[in-house]
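Notes to accompany the following structure.
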Amino acid sequence: MGDTYAEAGVPRLPNMKTYLIKFLLIVLTLSCGFLTVAVSPVFFTFLLVCIVADTFLFPRLNVEYEYIYCDGQIDFDRISGKAKRKRMLRIDMDQVEIVAPATSHALDSYKNNTNFKLKNYSSLRKDVTPYVIYYASGETKTKILFEPSSKMLDCMKYKAPRKVMRD
């Protein structure tokens, strides 16, 4: 019964790609509406398709990330539109090399190493310093950016005290 459990979640700020997709969907819908009125009612079908696409795609562009730590495993889930959850990654603390803030000097030895594939599960806010996990599983080496809660960091430090830095 010594289970350790913590969770944290962060909403992701919209980036330029999200704004571009929303803009293109709105322009496409408005142009189909204009073509329906000005040119021919035949475009009404395209207008309906655009409206249906808008209602399905707009909520999915609102993304949140949730991190769940349970007994030495961390799950990274993506929640789209506050409705659809998808597990992005599950890692084990035994295969973690180091966990530290992105500005920590403990990460200096990893700065020039380009073998790590980047996965960004942070909120992209400028005022928050994300934590970095360097993780190796077989041949796959991954650098993960995330924003854990204080309780999650405490649980991780309890499991692997030499791997977790809290500068």
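The values are calculated or read from the model by the stated rules, or taken from the named source; none is laboratory data. What you are looking at is a predicted structure, and each value in this text was computed from that prediction instead of being measured. FYI the Cβ positions are ideal-geometry reconstructions off the backbone, even for glycines, and counts take in every protein chain you see.
Listing for the model above:
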{"item": "One residue from 48, 20 being over 22 Å from residue 148 (Cβ atoms), among the aliphatic types (A, V, I, L, M), out of contact with any helix residue (DSSP H, G or I) (no Cβ under 6 Å at 6 or more places or on another chain) and at pLDDT 95 or above", "result": "20"}
{"item": "Some residue of the stretch 90-98 being within 17 Å of the chain's Cα centre (by Cα) and more than 12 Å from residue 132 (Cα to Cα)", "result": "yes"}
{"item": "Every pair of residues 6+ apart whose Cβ atoms lie under 6 Å, when the first sits in the stretch 76-89 and is closer than 18 Å to residue 57 by Cβ while the second is surrounded by fewer than 11 Cβ atoms within 10 Å (Cβ to Cβ)", "result": "78/86"}
{"item": "Filter pass, residue 43 being touching a Ser or Thr at 6+ places or on another chain (Cβ under 7 Å) and surrounded by 16 or more Cβ atoms within 10 Å (Cβ to Cβ)", "result": "yes"}
{"item": "Single condition residue 67 does not satisfy, out of (1) farther than 20 Å from residue 140 by Cβ; (2) touching a strand residue (DSSP E or B) at 6+ places or on another chain (Cβ under 9 Å); (3) not acidic (Asp, Glu)", "result": "(1)"}
{"item": "Selection status of residue 136, over 18 Å from the mean Cα position of the chain (by Cα), small (Gly, Ala, Ser), over 13 Å from residue 74 (Cβ atoms) and modelled with pLDDT under 95", "result": "yes"}
{"item": "Subset of the stretch 99-133 [of a type in the set (Phe, Trp, Tyr) and either closer than 15 Å to residue 166 by Cα or out of contact with any helix residue (DSSP H, G or I) (no Cβ under 8 Å at 6 or more places or on another chain) (or both)]", "result": "110, 121, 131"}
{"item": "Residue in the stretch 62-73 that is farthest from residue 163 (Cα to Cα), counting only those that are touching a residue at least 24 places away in the same chain (Cβ under 8 Å) and assigned to a strand (DSSP E or B)", "result": "63"}
{"item": "Test result for residue 6, surrounded by 14 or more Cβ atoms within 10 Å (Cβ to Cβ), farther than 20 Å from residue 124 by Cβ and of a type in the set (Gly, Ala, Ser)", "result": "yes"}
{"item": "Single residue of 36, 18, 29, 55 found to be assigned to a helix (DSSP H, G or I), among the β-branched types (Val, Ile, Thr) and exposed (fewer than 14 other Cβ atoms within 10 Å of the Cβ)", "result": "55"}
{"item": "Residues of the stretch 90-113 that turn out to be of a type in the set (Gly, Ala, Ser), in a loop (DSSP other than H, G, I, E, B) and either loosely packed, with under 12 Cβ neighbours inside 10 Å or without any contact (Cβ under 8 Å) to a residue 60 or more places away in the chain (or both), as a count", "result": "1"}
{"item": "Residue pairs meeting the criteria (Cβ under 6 Å; at least 6 apart or on separate chains; first free of Cβ contacts under 8 Å to residues at least 12 places away in the same chain, in the stretch 149-160; second surrounded by 14 or more Cβ atoms within 10 Å (Cβ to Cβ))", "result": "157/164"}
